1. Which ones in the stretch 98-117 are under 24 Å from the mean Cα position of the chain (by Cα) and either closer than 16 Å to ILE77 by Cβ or not small (Gly, Ala, Ser) (or both)?
2. Any residue at all in the stretch 80-89 that's open to solvent by 60 Å² or more (accessible area, probe 1.4 Å), closer than 28 Å to PRO117 by Cβ and in a helix (DSSP H, G or I)?
3. Within the stretch 30-42, does at least one residue satisfy the condition of being among the β-branched types (Val, Ile, Thr), under 30 Å from LEU84 (Cβ atoms) and without any contact (Cβ under 8 Å) to a residue 24 or more places away in the chain?
4. Which numbered condition in (1) modelled with pLDDT under 95; (2) in a helix (DSSP H, G or I); (3) of a type in the set (Gly, Ala, Ser) is the only one that ALA26 fails?
5. In the stretch 100-218, which helices (runs of 4 or more DSSP H) lie fully inside it and hold 2 or more residues that are at pLDDT below 90?
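The values are calculated or read from the model by the stated rules, or taken from the named source; none is laboratory data. From a predicted model like this one, the values you see are computed outputs, not experimental measurements. Reconstructed Cβ throughout: ideal geometry from the backbone, glycine too, with neighbour counts over all protein chains shown. For accessibility, only protein heavy atoms count, side chains too; no ligands or nucleic acids. Shrake-Rupley method; radii C 1.70, N 1.55, O 1.52, S 1.80 Å.
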Amino acid sequence: MAKYLLQEMNDVRNTGKRTVYPKLAAKQTLSTKEFIEELYKHLRTVDRGVLSGVMCGIADTMACLMSEGYNVTLDDIGTFSMSLKFLDEKPTEIQEEGDRMLYRSVGVRDVNFKTSPQLLAELRRRAKFERVMSGARTLKKNLYTLEQRIENALAIIDRKGYINLREYAEVNNLSRTIASSELAHISSDPSIPISFQGRPPHKVWIRTSNDSNTAGEE
């Protein structure tokens, strides 16, 4: 059963109103290997290696087709499409009538995903929710800049040799979800002397030299 909590939104317009919305309390983000293991439980007649190969083939084929301008629809999952952005610093507004905006440099911004009606219907049929806490959780305000949060983490690492997710969240006044995402970004940046060791729930972050820092992902 999935769990949820009530999240209070920031009153950015100072209206005095306290608005809440339901927010999924995610258990974790499954890796490809973990997903394949779950898929194998449903398709025991298909070898894990075959499933892994199919997953890699899907990713490669989608990248190839979308790079050529195709959108890709996978039945019961959804439609994937490519979004673009300008790579140059030229104005984005048409300057005058007849301006053809020649010589623009364009690149990939992201991949858009639109959920299929079948997947939504199946989720709505299957999903049952349980509330994990009473009341509403307020959004935590950032008390520190990213640089200060990194310094806070390094201070703990230098003192005890490592820092875990709970400690990073607490010392920097962040939710565990935001802390996890930020640590993934930090440990993948070779200019920041922090990398990770282990796997959840025993994953920790340590200090490394810039030339040996390894990329990581939560």
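1. Selection gives VAL108, ARG109, ASP110, VAL111, ASN112, PHE113, LYS114, THR115, SER116, PRO117.
2. no
3. Yes, the stretch 30-42 has at least one match.
4. Failing condition for ALA26: (2).
5. Passing ranges, in order: 165-171, 176-187.
Per-residue answers, yes or no, for (1) surrounded by 10 or more Cβ atoms within 10 Å (Cβ to Cβ); (2) under 20 Å from the mean Cα position of the chain (by Cα):
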{"residue": "GLY16", "(1), (2)": "no, no"}
{"residue": "THR19", "(1), (2)": "yes, no"}
{"residue": "PRO22", "(1), (2)": "yes, yes"}
{"residue": "SER31", "(1), (2)": "yes, yes"}
{"residue": "THR45", "(1), (2)": "no, no"}
{"residue": "THR61", "(1), (2)": "yes, no"}
{"residue": "CYS64", "(1), (2)": "yes, no"}
{"residue": "SER67", "(1), (2)": "yes, no"}
